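Following: one structure in structure tokens, then a few remarks.
The values are calculated or read from the model by the stated rules, or taken from the named source; none is laboratory data. Model, not experiment: these values are computed from the prediction. Virtual Cβ from ideal backbone geometry, glycine too; neighbours counted across all protein chains shown. Quick note on the areas: whole protein, heavy atoms, side chains included, nothing else; ligands and nucleic acids left out. Shrake-Rupley method; radii C 1.70, N 1.55, O 1.52, S 1.80 Å.
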Amino acid sequence: MEYRISDKMANLKPSAIREIFKSLSDPTMISFAAGNPSPLSFPAEALGEISADIFKNESTVALQYGITEGYPKLRAAVAERLKAKFAIGRDFDETIITTGGQQGIELACKALCNEGDVVICENPSFIGALNAFRSNGAELVGVDLKDDGIDTDKLEEVLKNTPNAKLLYLIPTFHNPAGITSTLENRKRVYELAKKYSIVILEDNPYGELRFAGEDVPTIKSFDTEGLVIYCSSFSKILSAGMRVGFVCGPNEVVQKMVVAKQVEDVHTNNFFQMLCWRFMNDCDMDGHVEGIRALYRQKCGLMLSEMDKHFSKKVKFTRPEGGLFLWCTLPDGCDSAPFVKEALARKVAVVPGTAFNADTEAKSDSFRLNYSTPSDEDIVKGIEILGKLTVEMFGE
């Protein structure tokens with residue numbers, strides 16, 4: 001039978017990262033391609049004890065249908081934490097729980113964008129978000145990243161010439177894949193442009209609590225007085241990725257439409273894992289736990305950077321993150337990174353080609369992404385030495 005795939009899905013390509021994972025069954029492969037938190041960051045013992053207590057004393061709530069907006073105790077705790085730590089949440093805002101941060105991104109697009117509407121994003125940007133927008137029929141327009149954040153001059157030019165732009169998607173803090181953090185000045189300029197051109201900002205901040213160097217920069221949502229910003233994050237990087245518990249804080253009118261869309265998708269996020277999140281927040285030292293993750297990634301990122309300084313060709317540039325999970329490498333003279341990535345894979349080191357993060361799926365990239373949270377210290381040392389030798393062979397000292 002010939003299957004007639006929908007127009008929305010026909011040209012949608014699988015995530016390059018997920019495809020690379022298929023090669024990782026080889027136990028000799030060193031992977032810098034993941035986007036996963038370190039398994040050392042999971043508080044498994046505490047979660048096990050809490051789980052046993054939930055099933056002993058609250059099993060009916062844990063195993064029954066729940067409210068689409070989220071487990072009430074968790075919603076309240078998340079809203080309180082957002083206000084206390086990030087100055088997020090005004091009278092016109094509402095906080096809901098989503099099935100991972102990914103669902104929050106997709107629901108925002110579904111609530112605001114018709115097919116053919118434009119989503120403006122940083123270029124490069126998070127592949128999961130790009131595919132969510134594509135799957136909803138949105139057109140993508142990428143605006144290049146600079147060292148201080150999205151290029152605001154180019155952004156204004158796009159806004160001025162794109163009347164059907166409905167959403168501006170940004171990862172201002174510890175960007176995936178670039179690893180940079182946009183400056184406060186850049187964020188304020190972006191907000192003023194959103195106000196001027198009446199576009200909603202979707203601020204994705206899954207890594208915001210993972211700062212291990214430098215000073216915190218206020219979120220864009222923290223100075224949102226006009227109801228222009230939908231803020232999206234999750235527990236994936238600070239508690240457990242597999243639990244798939246995320247959250248959104250945004251203008252009530254938009255969030256309520258996101259709730260209706262969520263009812264169609266999954267009715268509600270897993271009750272048990274929502275309860276587990278709330279109990280950990282309530283019963284354990286969440287801030288102390290997060291500080292432990294920061295210390296872990298400070299060490300891992302520092303190790304990777306020191307090895308890159310030692311082995312990489314000086315013609316290859318790379319970012320120096322102050323937090324998050326990733327750093328971004330750029331090859332000299334606009335080289336296409338595809339041959340480099342292919343040869344690295346042949347030498348048993350997996351990295352993600354920059355093309356995976358392009359708004360334009362046909363565009364080439366001179367960059368690739370590295371992850372330092374998942375590999376062991378031994379693999380970081382060995383893998384970076386292999387990549388370093390390859391950079392010297394291909395581009396010189």
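For the stretch 217-239, name all the residues that are surrounded by 22 or more Cβ atoms within 10 Å (Cβ to Cβ) and part of a helix (DSSP H, G or I).
Matches in the stretch 217-239: Lys221 only.
Which one of these is in contact (Cβ under 8 Å) with a residue 24 or more places away in the chain, among the β-branched types (Val, Ile, Thr) and within 29 Å of Arg189 (Cβ to Cβ): Val245, Val267, Val229?
Only one candidate qualifies: Val229.
Out of the helices (runs of 4 or more DSSP H) lying entirely within the stretch 246-320, which hold 3 or more residues that are among the small types (Gly, Ala, Ser), surrounded by fewer than 21 Cβ atoms within 10 Å (Cβ to Cβ) and out of contact with any strand residue (DSSP E or B) (no Cβ under 7 Å at 6 or more places or on another chain)?
The helices (runs of 4 or more DSSP H) meeting that bar are 286-311.
In the stretch 376-389, what residues are in contact (Cβ under 8 Å) with a residue 60 or more places away in the chain, more than 15 Å from Leu345 (Cβ to Cβ) and open to solvent by less than 50 Å² (accessible area, probe 1.4 Å)?
Ile380, Ile384, Gly388, listed by residue number.
Give the residue that is farthest from Asn136 (Cα to Cα), with candidates limited to residues of the stretch 157-180 that are assigned to a loop (DSSP other than H, G, I, E, B) and of a type in the set (S, T, N, Q).
Restricting attention to the stretch 157-180, the residues satisfying the condition of being assigned to a loop (DSSP other than H, G, I, E, B) are 162-164, 171-180.
Keeping just the survivors that are of a type in the set (S, T, N, Q) gives 162, 164, 173, 176.
Working: Thr162: 19, Asn164: 15, Thr173: 26, Asn176: 21 Å.
Per the criteria, the residue is Thr173.
Looking at Ala79, Ala52, can you tell me which residue is open to solvent by 20 Å² or more (accessible area, probe 1.4 Å), at pLDDT 95 or above and more than 21 Å from Ser233 (Cβ to Cβ)?
Checking each option against the conditions leaves just Ala52.
Any idea how many residues of the stretch 47-96 are assigned to a loop (DSSP other than H, G, I, E, B), within 28 Å of Val264 (Cα to Cα) and small (Gly, Ala, Ser)?
The total comes to 3.
Considering each of Phe340, Phe326 in turn, give the residue that is over 19 Å from Leu390 (Cα atoms) and among the aromatic types (Phe, Trp, Tyr).
Among Phe340, Phe326, only Phe326 is over 19 Å from Leu390 (Cα atoms) and among the aromatic types (Phe, Trp, Tyr).
Determine, yes or no, whether Thr152 is under 21 Å from Tyr231 (Cβ atoms), out of contact with any Lys or Arg (no Cβ under 7 Å at 6 or more places or on another chain), among the polar types (S, T, N, Q) and open to solvent by 20 Å² or more (accessible area, probe 1.4 Å).
no
Kindly provide the set of residues from the stretch 300-317 that are of a type outside the set (D, E, K, R) and without any contact (Cβ under 8 Å) to a residue 24 or more places away in the chain, ordered by number.
Taking the stretch 300-317 as the starting set, the residues that turn out to be of a type outside the set (D, E, K, R) are 301-306, 308, 311-313, 316.
Hits for the stretch 300-317 are Gly302, Leu305, Ser306.
Take Leu202 and tell me if it is among the aliphatic types (A, V, I, L, M), modelled with pLDDT of 95 or more, in contact with a Cys (Cβ under 7 Å, 6 or more places away or on another chain) and over 18 Å from Asp91 (Cα atoms).
yes
Restricting the search to the stretch 97-128, which residues are assigned to a strand (DSSP E or B) and over 30 Å from Ala34 (Cβ atoms)?
Val118
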